[in-house]
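What follows is one structure encoded as structure tokens, with my remarks underneath.
What follows is calculated from the coordinates using simple rules that are stated; it is not laboratory data. Bear in mind that the values here come from a model prediction, so they are computed numbers and not experimental data. Note that we place each Cβ from the backbone using ideal geometry, even for glycine, and neighbour counts take in every protein chain shown.
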Amino acid sequence: MDRIKGFIGQLQEFYILSFHGLMGILRRPFYAQDMVEQMNYAGSGSLFVVLLISLFIGMALSLQLSAELSRLGLKMYTGKVVGISIIREIGPVLIAVVFAGRVGSGMASELGSMVLGHQVDTLRVFGVDPVKKLVTPRILSAVAMLPVLTVIGDAVALFGAYYIAVFVSHQSGTFFWSSIRDILTYENVLAGSIKPFIFGYLISCISCYMGLSTKGGAVGLRRTTTKAVVISFIAIIVADFIMTRVLLYILGFTL
Amino acid sequence: MIEFDRVSFSYGNRLVLNELSFSVHEDERTAILGGSGDGKTTILKLIVGLLRPDSGRILIHGEDIAEKAEEGLRDIRIKFSIVFQEGALFDSLSVKENVAFPLREYTGMTEEEIDQKVRELLRRVGLEEAIGHMPEELSGGMHRRVAIMRSMAAFEPKMFLYDEPTTGLDPVSADVICKLILDLSERGRGYIIVTHKVFDAFRLANRFMFLKGGRIVFDGDRQALLGSTIPEIRIFLRELNLNQNQ
């Protein structure tokens, strides 16, 4: 019974932190410099990893689909299938997972070490709201940077897929890009571009909550960092399924 | 005046303070002694409202802070200057930015005035040279000197609260910190020092409390402490004998 109560209590604290963290953008003071620093860390800091992973995922996906579609005599549809997979599903989810692993774990461990080192208490003593100073800039940076990284990652993954389709699978480059142009419809772009905003919010809220609830020294810090990443992964996958279901319904796709 | 009136506090199921009652005047030099995990730091955090008691009242100048909202605690907190264990400097800020932090939050000083004030404070503790350093480049003693100056940068506190100010320092650095603590209290400002280093406590305080099992089992002056027959206090006093023999 105590465990259930504890879990409900944590859930309540998480909702309150997520709400206040987001509402912080409407209240003074605005910590613009902290926000820029966080955006730099989350955005430019993650760019190289995102580029690398997206390129290879795009190439691997193109290889798999070219091989499979060749057997069915449908090789020319590689661009279309790869494009839809990347833009609607794989791009947003994969880049969110990379973001949670790199940026989310960083947020949790940084805030956790600030808690353990009494830096968060010091902020409160100085009359500074830790949620406003620490959580709001991180939420905003994640919500702003993850969609940007997703767009860049999608583009690079498509380029990787194009390279394999044209130079390995010997398909027409013009046809590949015209297939991609065909699938860049309002529905597909919307389905792929809403997700990163939600994923960014979830990752930053989970990571900040975990970091700020750190207890118990180095072992506690390890535990909360691991929890932040694992829970973020689960949240991404579950939220992706729910959003996909809802978006398909709203956009009028029939199953 | 700080008054604890039957204050209890627990972390989860672990009761740390059990109906604790005591009072301390602002001009007193008090040392709270006790073992690790006995709730010494918890007392300091309760005084400035960083933690809320499970039950009981905490009166600061007769005002109960236990029920106050976070915004209302700001006026209470500026009366105290609290220095946490190991200094708690912000890792991401330089020494200058650390000391300037409360000045930016609390005052409307210009950048030039802030720079001047920070230099003046750091000069006082012989650290003006370290103004551009990051906290990771400082020794433990330097950390604490910067933290002490930061804690009193923006306002004149009525009382200092020190959490293990000399723990983990070599004797020379500990001596510098003790002299600084005594120097800052020259103007009649008292302090509460929480420590398990009885040698430093003897040097700094004239009133001693000993915490055990969530209660104060001893409250008295130096002579009374030396004559105490409480086994835990006798163990603590061994450190004093060792230092004297050396």
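A helix-only calculation puts chain A at -25500 deg cm²/dmol for mean residue ellipticity at 222 nm, using -39500 (n - 2.57) for each DSSP H run of at least four residues, averaged over all residues.
With each label modelled as a point 7 angstrom along the Cα→C-beta vector, the B:R124-B:H61 pair spans 2.1 nm. Excluding A:T224 itself, what net charge comes from residues whose Cβ is under 13 Å from its Cβ, given Lys and Arg +1 and Asp and Glu -1? Residues close to A:T224 contribute a combined charge of +3. Shown here: segment B:100-238, whose C-alpha atoms stretch 57, 29, 26 Å along the first, second and third principal axes, sorted largest to smallest. The simple spin-label model puts a point 7 Å past each Cα toward its Cβ; for B:Q116 and B:S21 those points are separated by 5.2 nm. The gain in end-to-end length when the B:S36 to B:D75 segment is fully stretched comes to 11.0 nm, 0.36 nm per residue minus the alpha carbon separation.
Under 5 Å from the amide H of B:R29 lie the amide H atoms of B:Y191, B:N206, B:R207, each residue being 5 or more positions distant or on a separate chain, with H modelled from the backbone and absent for Pro and chain starts. If one takes the longest principal axis of the Cα atoms in chain A, at what angle in degrees, from 0 to 90 and to the nearest 10, does the Cα axis of helix A:186-212 lie? Its long axis makes an angle of about 30 degrees. Candidate cross-link partners of B:K197 among the lysines, defined by an alpha-carbon separation under 18 Å and a same-chain spacing of 8 or more, comprise B:K40, B:K179, B:K212. Counting Cβ atoms of other protein chains within 10 Å of each residue's Cβ and taking the mean over peptide B:85-92 gives 5.
In loop segments of segment B:100-202 as defined by DSSP, the trypsin sites (Lys or Arg not before Pro) with at most 16 further C-beta atoms inside 10 Å of their C-beta are B:K158, B:R187.
Karplus-based coupling profile of segment B:222-227, in residue order and whole Hz: 4, 4, 5, 5, 5, x, with θ = phi - 60° in 6.51 cos²θ - 1.76 cosθ + 1.60 and x standing for Gly or Pro.
Over segment B:104-246, what relative contact order in percent results from Cα pairs under 8 Å that are six or more residues apart? For segment B:104-246, the relative contact order is 16 percent. Could you tell me how many degrees, from 0 to 90 and to the nearest 10, lie between the Cα long axis of helix B:140-151 and the main elongation axis, the longest principal axis, of the Cα atoms of chain B? Its long axis makes an angle of about 80 degrees. Amide H to amide H, with H built 1.01 Å from N, B:I216 comes under 5 Å of B:S21, counting only residues 5 or more places away or on other chains. Fully extending the segment from A:F253 to A:I194 would add 19.6 nm, taking 0.36 nm per residue of separation and subtracting the current Cα-Cα distance. Over the residues of chain B, the helix contribution to mean residue ellipticity at 222 nm works out to -11000 deg cm²/dmol, using -39500 (n - 2.57) for each DSSP H run of at least 4.
Using only the Cα atoms of segment A:6-120, build the gyration tensor, take square roots of its eigenvalues as a ≥ b ≥ c, and label the shape rounded, prolate or oblate: rounded if a/c is under 1.5, else prolate if a/b is larger than b/c, else oblate. Taking the square roots of the gyration eigenvalues as a ≥ b ≥ c, segment A:6-120 is prolate. The angle between the Cα long axis of helix A:217-250 and the main principal axis of chain A comes to about 50°, on a 0 to 90 degree scale.
Taking every DSSP bridge with both residues inside segment B:2-245, close to 50 percent are antiparallel. Distance between the 7 Å Cα→Cβ label points at B:I230 and B:D183: 3.4 nm.
Using R0 = 22 Å, the C-beta based FRET efficiency linking A:F241 and A:L11 works out to 0.65. In the frame of its principal axes, the protein assembly as shown has Cα extents of 97, 56, 44 Å, reported largest first. Going 7 Å from the Cα of B:S8 in the Cα-to-Cβ direction, what parts of segment B:52-68 have a backbone nitrogen less than 11 Å from that spot? Label zone hits: B:54-56. With the charge dipole of chain A set up from +1 on Lys and Arg Cβ and -1 on Asp and Glu Cβ about the Cα centre, the Cα lying farthest toward the positive end among the listed residues A:L52, A:A161, A:H20 is that of A:H20. Calculated FRET efficiency, A:I25 and A:T174, Cβ-Cβ r, R0 56 Å, to nearest 0.05? Computed FRET efficiency for A:I25 and A:T174: 0.80.
Remark: mean inter-chain Cβ contacts per residue of B:144-153 equal 1, using a 10 Å Cβ-Cβ cutoff to other protein chain atoms. Other residues lying with their Cβ under 12 Å from the Cβ of B:E186 contribute a combined charge of +2, Lys and Arg counting +1, Asp and Glu -1.
Using equal-weight Cα scatterers in the Debye expression, the normalised intensity of segment B:2-245 in log10 at q = 0.13 Å⁻¹ is -0.83. Using the alpha-carbon centroid of each, what span in Å lies between segment A:196-255 and segment A:16-85? That distance is 15 Å. Between B:D54 and B:S8, B:F9, B:S10, the built amide H atoms are under 5 Å apart, and every one of these is 5 or more places off in sequence or on another chain.
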